[in-house]
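Undergrad: I have a structure I would like to understand better, so I am pasting it below and will then ask my questions one at a time.
The values are calculated or read from the model by the stated rules, or taken from the named source; none is laboratory data. Keep in mind that this is a model prediction, so the values were computed, not measured. Cβ placement follows ideal geometry from the backbone for every residue including glycine, while neighbour counts extend to all protein chains displayed.
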Amino acid sequence: MPDARDATPYDALLLLSFGGPEGPDDVIPFLENVTRGRGIPKERLKEVGEHYFLFGGVSPINDQNRALLDALRKDFADHGLDLPVYWGNRNWAPYLTDTLRDMVADGRRRVLVLATSAYASYSGCRQYRENLAESLAALEAEGLEPPRVDKLRHYFNHPGFLEPMIEGVLASLADLPEDVRDGAHLAFSTHSIPNASADTSGPVEEHGEGGAYVGQHLEVSRLIAEAVRERTGVDHPWQLVYQSRSGAPHIPWLEPDICDHLEERHEAAVPAVVIAPIGFVSDHMEVLYDLDTEAKAKAEELGLPMRRSATVGADPRFAAGIRDLVLERAAVERGQEVTPCALGALGADHNLCPVGCCPARAPKPAAAGVDSPYA
């Protein structure tokens, strides 16, 4: 980078996340926020809420974000980058609109956004951009001048995101009994989404079977598996699998489900499986319940040795990677020549989401894209 301390024109970074309940009384209101407008009966929300009640009604995601905030602030301070970091959520406190209001009061005029989703999809990118547009419109309605917001590019293939996951898989393999370790299969897990959403993920030219969503996850899986082979000398078979399906049974969603995959691996006499939750930045409820509870129970029922590797969370290498992405984008905005850092065949993703990228079910304004009303 031309100047490792220069984030201009940006005067703040916003960590934008999903949010989660922090006690039993928060669970149903939180789920109502998540599902607002979808007509899901309260009885169904109570069923889903049982997952949270198993953990005291607390999702780990907010504590994970607090740890990431600390890691980012420390990394920035250690490297002389004077850029304040704020935090806002889509579905629970601290709410995005409240945080943006605070940023305006603090005089922030040009904001860079880090979303806790590394891949292209409606729910992982476009919906965050819609929420940003809604919050900016709310500030305008209050008579405030909203800041300009830009969003960091997708970071699925940045080494700061990949390296902690590679080491997590290596640690999980090392934790398996020696007699099954070399024969272990790798299951790279991510959130299942409707096939129709996957097929239209990413820019229009990438639409098709699985779209950018599946393509990016396959690339991350390949990169991790190749790194594991290079560092261990063992070529572990791998497959991309899915979890956390929540839609109507008649609507096709991405498959195979992780528990079905474990049964298939057991029937194929695979000696062990390592599950790597590559689709998730941190250990939130879907990781704890779908993998550490349901998938673990399925593996124990089958007598199949299984380990689950760590998510990236607040790893210092991830924080350093975010600093790199901030400085990269700032340099681009200043008109400087930049060589983006990205591993693998797909290269660095776009900085501005083009028209038709991860389209919504119904058209809504979205910030931080080519068609943003807040450019």
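Undergrad: Spot the failing condition for residue 326; the list is (1) β-branched (Val, Ile, Thr); (2) in contact with a Ser or Thr (Cβ under 7 Å, 6 or more places away or on another chain); (3) outside any loop (DSSP other than H, G, I, E, B), and only one is missed.
TA: Only one criterion is unmet by residue 326, namely (2).
Undergrad: Have a look at 276, 310, 269 and point out the one that is touching a strand residue (DSSP E or B) at 6+ places or on another chain (Cβ under 7 Å) and closer than 26 Å to residue 183 by Cβ.
TA: 276
Undergrad: Here's something else I'd like to know. Looking at this structure, is residue 169 under 26 Å from the mean Cα position of the chain (by Cα), assigned by TED's automatic domain parsing to the domain that holds residue 16 and either surrounded by fewer than 17 Cβ atoms within 10 Å (Cβ to Cβ) or not in a loop (DSSP other than H, G, I, E, B) (or both)?
TA: no
Undergrad: Return the residue satisfying two criteria in turn: it lies in the stretch 190-247 and is charged (D, E, K, R) and either closer than 30 Å to residue 45 by Cβ or within 15 Å of the chain's Cα centre (by Cα) (or both), and of such residues it is surrounded by the fewest Cβ atoms within 10 Å (Cβ to Cβ).
TA: The selected residue is 245.
Undergrad: Do you know which residues across the stretch 100-136 are hydrophobic (A, V, I, L, M, F, W, C) and assigned to a helix (DSSP H, G or I)?
TA: Across the stretch 100-136, the qualifying residues are 100, 103, 104, 105, 125, 132, 133, 136.
Undergrad: Quick one: residue 367 ticks every box in (1) closer than 15 Å to residue 128 by Cβ; (2) surrounded by fewer than 20 Cβ atoms within 10 Å (Cβ to Cβ); (3) of a type outside the set (Lys, Arg) except a single one, so which number is it?
TA: Failing condition for residue 367: (2).
Undergrad: Return the only residue of 182, 150 being within 29 Å of residue 345 (Cβ to Cβ), in contact with a strand residue (DSSP E or B) (Cβ under 7 Å, 6 or more places away or on another chain) and modelled with pLDDT of 95 or more.
TA: Criteria check complete, one pass: 150.
Undergrad: A further question on this structure: Quick check on this structure: which one of 70, 82 is part of a loop (DSSP other than H, G, I, E, B), within 30 Å of residue 323 (Cβ to Cβ), of a type in the set (D, E, K, R) and modelled with pLDDT of 95 or more?
TA: After applying the criteria, what remains is 82.
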